[in-house]
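Data block below; observations after.
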Amino acid sequence: MLRAFGLLLACQLLGEVLVRLAGWPVPGPVMGLILLVAGLGLAARLGKVAPETVTASELGRTSSALIAALGILFVPAGAGVVQHFGQIAAHGAAIAVALVVSTILTLTVTAAVFVAVRRAMDRGEE
Amino acid sequence: MDNPFQLWVYLSATPLLWLTITVVAWLGADAIAKASGRHPLVNPVLIAILTVAGLLAVTGTPYARYFEGAQFVHFLLGPATVALAIPMFANIRTVRRNLVPMVAALIAGAVTAIVSTIAIAAASGAPQKVLVALAPKSVTAAIAMGISEGLGGEPALTAVLVITTGILGAVMMTPLMNLLRIRDQAARGFAVGLASHGIGTAQAFTVDPVAGTFAGIAMGLNAVASAFLVPAVFRLMAG
């Protein structure tokens, strides 16, 4: 488990270093994710891992444990709401309407475009 | 320690107390969500945040002191984001097959998220400072804070709005998609990851592994796309 955790941390660190040196607006952990997928792809070419077996590996099990706990990781930042009651209350209606309506629109447009483009592609293949 | 007040003074100054409270609040919230049969309206992230925020308010604990303990949990967000590489790699064939729909949905979704938020809030009379804090609401917290800070917004307010959006999207995803008759787990996951970042992704993983994988991808892609798009939209508005 520790070896897998070390690999995740190393990828994150490498990602942070890379985006800072390059000045990209990508978050370090997201770059770390990209690096790990690329690394796994490379290892798969060498026959060291396969998409079918990675989930059962040490790395896969450690990652599953972290992903299963994803929800709790937002609690510390979310509890920061106590500091901003005043500002949120002052523009409460505008903020509430913007958040709710925009989230509904975003979910709808994203899913609808995804499905529409995929259907158009499937039709093109037939 | 000869009275309970002294014990409280001692405990409340160590990271251990608030770290324990964060974990226990989450376990309780997750047990409630499980007991509801994972009903979309019973969101464990929301319940745990309200519990902790309530305890902070009741005990008069400053947020900075709370964070001294909770930072150990907060820190794990980084490695957990990297860990999303594993389900992505495990489903790499499905991901490759959906590359074109993903890019199309990313552009449409990212623009919708930013423009609709600004338009609605501006029409309701919100000042520029609030508009800037709101615009990156669908982006994962760390990047959203950077985006709003770069435009003169308040990063801490952005973080709260980001988390609220995450919870809203996680709660609305399943009922909304049922209403729209969109059954494809890849499309559902991609939409909730784009609109509601990591909180949406966490919700998607409890529903279906494919949905979770696409949510994780959408979260990463939208973070990058919005880092460019949000400043561009404000430049267009000013010009």
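Each of B:Val111 and A:Arg45 was given a label point 7 Å from its Cα along the Cα-to-Cβ line. The distance between the two points is 3.5 nm. Basic side chains Lys and Arg get +1 at the Cβ, acidic Asp and Glu get -1 at the Cβ, and with that the dipole of the protein assembly as shown about its Cα centre reaches some 700 debye.
Note on B:Phe89, B:Phe75: ascending count of other Cβ atoms within 10 Å places them as B:Phe75, B:Phe89, the fewest first. Dividing the summed helix terms, -39500 (n - 2.57) for each DSSP H run of n ≥ 4, by the number of residues in chain B produces a 222 nm estimate of -27500 deg cm²/dmol to the nearest 500.
The mean number of partner chain beta-carbon atoms within 10 angstrom of a residue's beta-carbon across peptide B:23-33 is 2. Sorting the segments B:92-104, A:42-54, B:193-205 by their residues' average number of neighbouring beta-carbon atoms within 10 angstrom, most packed first, yields B:193-205, B:92-104, A:42-54.
Roughly how many debye, to the nearest 20, is the charge dipole of chain B about its Cα centre, given +1 on each Lys and Arg Cβ, -1 on each Asp and Glu Cβ, and no other charges? The partial results should precede the final answer.
Working: 12 positive and 7 negative charges, 160 e Å.
For chain B, the charge dipole is close to 760 debye.
Under the √(5λ) rule applied to the eigenvalues of the Cα gyration tensor, what semi-axes describe the equivalent ellipsoid of the range A:1-68? Give them in Å, descending.
On the way: eigenvalues 103, 42, 17 Å².
The equivalent ellipsoid of the range A:1-68 has semi-axes of 23, 15, 9 Å.
Nearest 10 degrees is fine. How inclined is helix B:44-59 to the longest principal axis of chain B, computing both from alpha carbons? Around 40 degrees separate the two axes.
Taking all Cα pairs closer than 8 Å and separated by 6 or more residues, the relative contact order of chain A comes to 17 percent.
Would you list B:His74, B:His39 from fewest to most Cβ contacts within 10 Å?
B:His39, B:His74
Selection among B:Val233, B:Pro79, B:Gly189 by position relative to the dipole of the protein assembly as shown gives B:Gly189 as farthest towards the positive end (Cβ unit charges, Cα centre).
Between A:Leu21 and A:Met121, the FRET efficiency estimated from the beta carbon spacing at R0 = 30 angstrom works out to 0.20.
Can you compute the FRET efficiency between B:Val58 and B:Arg181 using 1/(1 + (r/R0)^6), with r the Cβ-Cβ distance and R0 = 41 Å? Round to the nearest 0.05. For B:Val58 and B:Arg181, the calculated efficiency is 0.35. The dipole here belongs to chain A: it is taken about the Cα centre, uses +1 on the Cβ of Lys and Arg and -1 on the Cβ of Asp and Glu, and is about 160 debye.
Each of B:Met219, B:Ala119, B:Leu151 was scored by the projection of its Cα onto the charge dipole of the range B:83-239, and the greatest displacement toward the positive side belongs to B:Met219; charges sit on the C-beta of Lys, Arg, Asp and Glu. For the protein assembly as shown, build the charge dipole from Cβ charges (+1 Lys, Arg; -1 Asp, Glu) around the Cα centre, then report which of B:Thr164, A:Val109, A:Gly80 sits farthest towards its positive end. Most positive-ward Cα: A:Val109. The length gained by stretching the chain between B:Ala119 and B:Arg96 to full extension, at 0.36 nm per residue less their Cα-Cα distance, is 4.8 nm. Cross-link reach is defined here as a Cα-Cα straight distance under 29 Å, omitting same-chain residues fewer than 8 places apart; for B:Lys137 the lysines meeting it are B:Lys34, B:Lys129.
Based on Cα contacts under 8 Å between residues 6+ apart, the range B:83-239 shows a relative contact order of 25 percent. Modelled label positions at A:Arg3 and B:Leu41, each set 7 Å beyond Cα in the direction of Cβ, lie 4.9 nm from each other. Over chain A, DSSP H runs of length four or greater, each weighted -39,500 (n - 2.57), average out per residue to a 222 nm ellipticity of -24500 deg cm²/dmol.
Inter-chain Cβ neighbour count for B:15-21, averaged per residue, equals 1 (cutoff 10 Å, partner chain atoms only).
Normalised by residue number, the volume inside the convex hull of the Cα atoms of the range B:1-75 is 96 Å³ per residue. The relative contact order of the range B:1-75 comes to 39 percent, based on Cα pairs under 8 Å that sit 6 or more residues apart. By the count of neighbouring beta-carbon atoms within 10 Å, fewest first, B:Lys34, B:Lys129 end up ordered B:Lys34, B:Lys129.
Every number in this text was worked out from the coordinates using simple rules, so none of it is lab data. Since the model is a prediction, treat every value here as computed from it, not as a measurement. Ideal geometry is used to build each Cβ from the backbone, glycine not excepted, and the neighbour counts take in all protein chains shown.
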